[in-house]
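Chemist: For reference, the structure I am asking about is given below.
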Amino acid sequence: MGVEQNWNPAEIGPADAGTEATPDGLTEYLKGLNHDLGELLTREKALVFRGFHVTPDTLGAVYDLLLPNRLAYVHGNSPRTKVGQNVYTSTEYPQEFTISMHNEMSYAHAWPARLAFYCETAPETGGATPLVDGARWLASLDPELREAFAGGVRYLQNLHDGYGFGKSWQQTFETDSREDVEAFLAGTEAVWEWRKDGGLRVAQLRPATTRHPVTGAEVWFNQADQWHPAGLGDDTAARLAAVLAPEDLPQSVTLADGSPIPAEWVEQIRDRGLAAAVDVDWHRGDVLLIDNLLVGHGRRPFTGPRRVLVAMSD
């Protein structure tokens, strides 16, 4: 499959679906698709359902059809709030910052195949969700960088016990049980240790790219730029470096052999992903479904209140 230079997500409204402009109209359309939804999503990579006036009360029925097996955000590293049955707020970083492109949980042993976003409150300005074709993102990177990443990347997490930088291990794994955490990690090929201060250190070796199981497309599929101190900006990285050794940062990343990743490579990954992205602007009631392997996502800065909910499935 070639790299699509002018890719955009497919927008589906009531007229396209041949149904009424209501949440019931959307659910009728989705029920009619049945197994064809997966084929449609694989072909289009992302679908925007707009004009059906989905409300928080009707979202559950829509998500049940889009995401038949909703997953908990276990081992997720982004700050979120759980608001329903495996439904969460989208990443709660300050609204003035851009969130760079990434595939959800691409650093983990298992990741969701689909993500669905719902706009409950649209921002006053900005706040789009940019989407990037993962094959195009990969092709945009310099050959030297792609070659260095061919062996994969090594992620390191330091999760505190309730007080410290970043997320606690209890928040990350949605449990207070060490036994449950160990049972989860035992099936992930991760290496971990409990620290004397009650925290948890987790190291994982993961691939930098992957291939889609249906299309065979090879895509950039890692979060090296988000886990690297250079991705935090010079001021934040300098403040953290002043108080923490590199191996004690809440999260960090190296190449597979432990070699450091140059800051200029981190900036290239971040900037070229954003440059290749197309923005999905939000209107209240919109629903966005994406193939999490074929498409990376992020967030543009915004003003005013913005509430976008997300759920995921295998």
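Chemist: Tell me which residues, restricted to region 125-169, are assigned to a helix (DSSP H, G or I) and more than 15 Å from Ser100 (Cβ to Cβ).
Modeler: Ala135, Arg136, Leu138, Ala139, Pro143, Glu144, Leu145, Arg146, Glu147, Ala148, Trp169
Chemist: Among the candidates Glu189, Glu124, single out the residue that is in the same structural domain as Leu309 (by TED's automatic domain parsing) and among the acidic types (Asp, Glu).
Modeler: Glu124
Chemist: Suppose the filter is buried (at least 19 other Cβ atoms within 10 Å of the Cβ) and out of contact with any Cys (no Cβ under 8 Å at 6 or more places or on another chain); does Pro23 pass it?
Modeler: Yes; evaluated as a whole, the condition is true for this residue.
Chemist: Then there's this: Looking only at region 101-115, count how many residues are polar (S, T, N, Q) and touching a Ser or Thr at 6+ places or on another chain (Cβ under 7 Å).
Modeler: 0
Yes/no per residue for (1) assigned by TED's automatic domain parsing to the domain that holds Ser106; (2) surrounded by 13 or more Cβ atoms within 10 Å (Cβ to Cβ); (3) acidic (Asp, Glu); (4) touching a residue at least 24 places away in the same chain (Cβ under 8 Å):
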| residue | (1), (2), (3), (4) |
| --- | --- |
| Asp16 | yes, yes, yes, no |
| Leu33 | yes, yes, no, no |
| Thr42 | yes, yes, no, yes |
| Ala46 | yes, yes, no, yes |
| Pro56 | yes, yes, no, yes |
| Val62 | yes, yes, no, yes |
| Pro68 | yes, no, no, yes |
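Residue-by-condition table, conditions (1) basic (Lys, Arg); (2) touching a residue at least 12 places away in the same chain (Cβ under 8 Å); (3) touching a helix residue (DSSP H, G or I) at 6+ places or on another chain (Cβ under 6 Å); (4) closer than 23 Å to Pro305 by Cα:
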| site | (1), (2), (3), (4) |
| --- | --- |
| Val87 | no, yes, no, yes |
| Pro94 | no, no, no, yes |
| Tyr118 | no, yes, yes, yes |
| Val132 | no, yes, yes, no |
| Leu156 | no, yes, no, no |
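Chemist: Here is a follow-up. Checking Leu205 against (1) in contact with a His (Cβ under 8 Å, 6 or more places away or on another chain); (2) modelled with pLDDT of 95 or more, only one condition comes out false. Which one?
Modeler: (1)
Chemist: On the basis of being surrounded by 20 or more Cβ atoms within 10 Å (Cβ to Cβ), among the hydroxyl-bearing types (Ser, Thr, Tyr) and in a loop (DSSP other than H, G, I, E, B), does Tyr107 make the cut?
Modeler: yes
Chemist: Going through region 176-193 one residue at a time, which ones are under 19 Å from Ser252 (Cβ atoms) and without any contact (Cβ under 8 Å) to a residue 24 or more places away in the chain?
Modeler: Leu185, Val191, Trp192, Glu193
Chemist: Could you run through region 284-301 and say how many residues are of a type outside the set (Lys, Arg) and either without any contact (Cβ under 8 Å) to a residue 12 or more places away in the chain or closer than 23 Å to Phe52 by Cβ (or both)?
Modeler: Count: 10.
Chemist: So, Thr172, is that one within 20 Å of the chain's Cα centre (by Cα) and modelled with pLDDT under 95 or not?
Modeler: For Thr172, the condition - within 20 Å of the chain's Cα centre (by Cα) and modelled with pLDDT under 95 - is met.
Chemist: Filter region 161-175 down to residues that are touching a residue at least 40 places away in the same chain (Cβ under 8 Å) and under 26 Å from Pro207 (Cα atoms) and give me whichever is surrounded by the most Cβ atoms within 10 Å (Cβ to Cβ).
Modeler: Phe173
Chemist: Okay, moving on. Among the residues of region 256-275 satisfying the criterion of being under 28 Å from Thr121 (Cβ atoms) and not basic (Lys, Arg), which is surrounded by the fewest Cβ atoms within 10 Å (Cβ to Cβ)?
Modeler: Only one residue fits best here, namely Leu274.
Chemist: Considering only region 1-74, give the helices (runs of 4 or more DSSP H) lying wholly within it that have at least 3 residues that are within 30 Å of Val181 (Cα to Cα).
Modeler: Those helices (runs of 4 or more DSSP H) span 56-66.
Chemist: Out of all the residues in region 99-124, which are under 21 Å from His283 (Cβ atoms) and not small (Gly, Ala, Ser)?
Modeler: Ile99, Leu115, Phe117, Tyr118, Cys119, Glu120, Thr121, Pro123, Glu124
The values are calculated or read from the model by the stated rules, or taken from the named source; none is laboratory data. The structure presented is a predicted model; accordingly, all values stated were derived computationally and were not measured. For neighbour counting, all protein chains shown are included, and Cβ atoms are generated from backbone atoms with ideal geometry for every residue, glycine included.
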